[in-house]
Ligand code: UDX
């Protein structure tokens, strides 16, 4: 099939490359000239395991092309909308400007009977508005149809999530649209991936609802961690026990400095805002609390750092390991790690940051000093914080690192360190969710 993909961010670029792998002829279109040049040259514009290989394979096979010119979509019969829908400046709702720009650019170029498939995360009701707008902008009887087919890909796993998704959601208004989507995904369907056919609204809600569930789960676990801390209980054993309950399962039960990134926080807020518009007040009550608990974890980490610097952070040297919002990604959008690093720098500390992939995003930051290795960031540090769950941080040698730092005090913001190993190497190991190993500090904390 000939397919166009509008928007070539994480989602669009990965989707386009996956479609080419399945044997379709694909063109990715974006207004970002530099990004399109890179993609056309087979160069990955972001860090995503396996993406560079998939991209090169598509480009070299001739099945995958990229363009900034809207006319590149002319020969396609199926068009995927993969543009970003960020949070509106100064509000919680989704900013749909890029979506409408893509729809307007697409409308005059659509062939008779084309299928326009939304993948972007949008407020429920948007697909119906896209259908209306396309009908307004095309000749009567043009037969353009809109479908919604949300993605659930995680950064750091975008390729595997695209090639082997847990499920396909086919939000359609007709059998013909379903048949075409099944043709697009023939390969994955043959591999046994379940597909759920539904209406457009339910499909739109599917993505945001999944993120709302995941975000809520993380905030619940962070509340449990705080209770464990207060009750001298063990959050790691507790989550292990919960995870063994087949109704709960073990994933998304990691406590720490909370969730961030380009999706979970903004999808939570956009969902809540749309629910309020629809008159569902309970949604904003519940999700407002989920959001608050999440943001509070960042403050808890900054407060802990201040206490560990004896309440006198000004001029003290602090090492922060991790800046991306999660491991295996260079994305720093709404990153809890970066927010904590910034919060500690705002207290007057000299913060040295190392991240395996995200350092280039911090080059212009005046409040943070970017280092090119964990060792270099930790040199003469009086406090070390591990804030992103990169595997390489879990593998750090506490003995070797202990010789570099000024004080062996570490905060494990993602529970990636083995506390016994670090303690044996002479470190004081602190973590959100674990009672402080220093009883004096604990008493001070309790006293406020
Ligand atoms: C998320 C959804 O998982 C994905 O389905 C959707 O398509 C986009 O949004 P992503 O933004 O890549 O994906 O991040 P995810 O892996 O879900 O992690 C989000 C944040 O939650 C990260 O900051 C991560 O560190 C944090 N997290 C995750 C926890 O704090 N605890 C956990 O147990 C899991």
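Nothing in this text is a laboratory measurement; each read-out follows from the coordinates by a stated rule. Everything numeric here is computed off the predicted structure, so don't read it as measured data. Every residue, glycine as well, gets a Cβ built from its backbone with ideal geometry; the counts of neighbours run over all protein chains shown.
Here are a few things to note about the model shown:
- Mean sequence separation of contacting Cα pairs (under 8 Å, at least six apart), scaled by the length of segment 302-447, corresponds to a relative contact order of 21 percent.
- Dividing the radius of gyration of the alpha carbons in segment 302-447 by their Kirkwood radius gives 0.93 for Rg/Rh.
- Anisotropy class of segment 85-229 from Cα gyration tensor, a/c 1.5 cut: oblate
- Computed on segment 321-394, with alpha-carbon pairs under 8 angstrom and 6+ residues apart, the relative contact order is 39 percent.
- With respect to the chain, whose longest principal axis is taken over its alpha-carbon atoms, helix 336-346 is tilted by about 50°.
- Nearest 10 degrees, 0 to 90: helix 10-21 Cα axis against the chain principal axis: 50 degrees
- One quarter of the surface of the convex hull around the alpha-carbon atoms of segment 2-198 equals 10.7 nm², the direction-averaged projected area.
- Computed packing ranks the peptides 136-149, 334-347 as 334-347, 136-149, most packed first, by mean other Cβ atoms within 10 Å.
- Average Cα contact separation per residue, the chain, under 8 Å, 6 or more apart, as relative contact order %: 11 percent
- Centroid-to-centroid separation of segment 80-130 and segment 1-60 [C-alpha atoms, Å]: 19 Å
- Antiparallel bridge percentage (DSSP; both residues within the chain; nearest 5): 5 percent
- Highest-first packing order for the peptide set 105-112, 320-327 is 320-327, 105-112, based on the mean count of other beta carbon atoms within 10 Å.
- Seen from a random direction on average, the alpha-carbon convex hull of segment 247-328 projects onto 8.1 square nanometres.
- Dividing the Cα radius of gyration of segment 208-295 by 2.2 N^0.38 Å, with N the residue count, gives 1.15.
- Each residue of the chain gets 153 Å³ once the volume of the Cα convex hull is shared out per residue.
- Helices in the chain, meaning DSSP H runs of at least 4 residues, each add -39500 (n - 2.57). Divided by all residues, the mean residue ellipticity at 222 nm is -13500 deg cm²/dmol.
- Segment 139-175 versus segment 208-274: alpha-carbon centroid distance in Å: 27 Å
- The fewest-to-most ranking of 364, 199, 328 by surrounding Cβ atoms within 10 Å reads 364, 199, 328.
- Gained length - residue 247 relative to residue 373, 0.36 nm times residue gap less alpha-carbon distance: 41.2 nm
- Principal-axis tilt of helix 264-277 within the chain, Cα atoms, nearest 10 degrees: 60 degrees
- Förster radius 56 Å - calculated FRET efficiency between residue 403 and residue 173, Cβ distance, rounded to 0.05: 0.30
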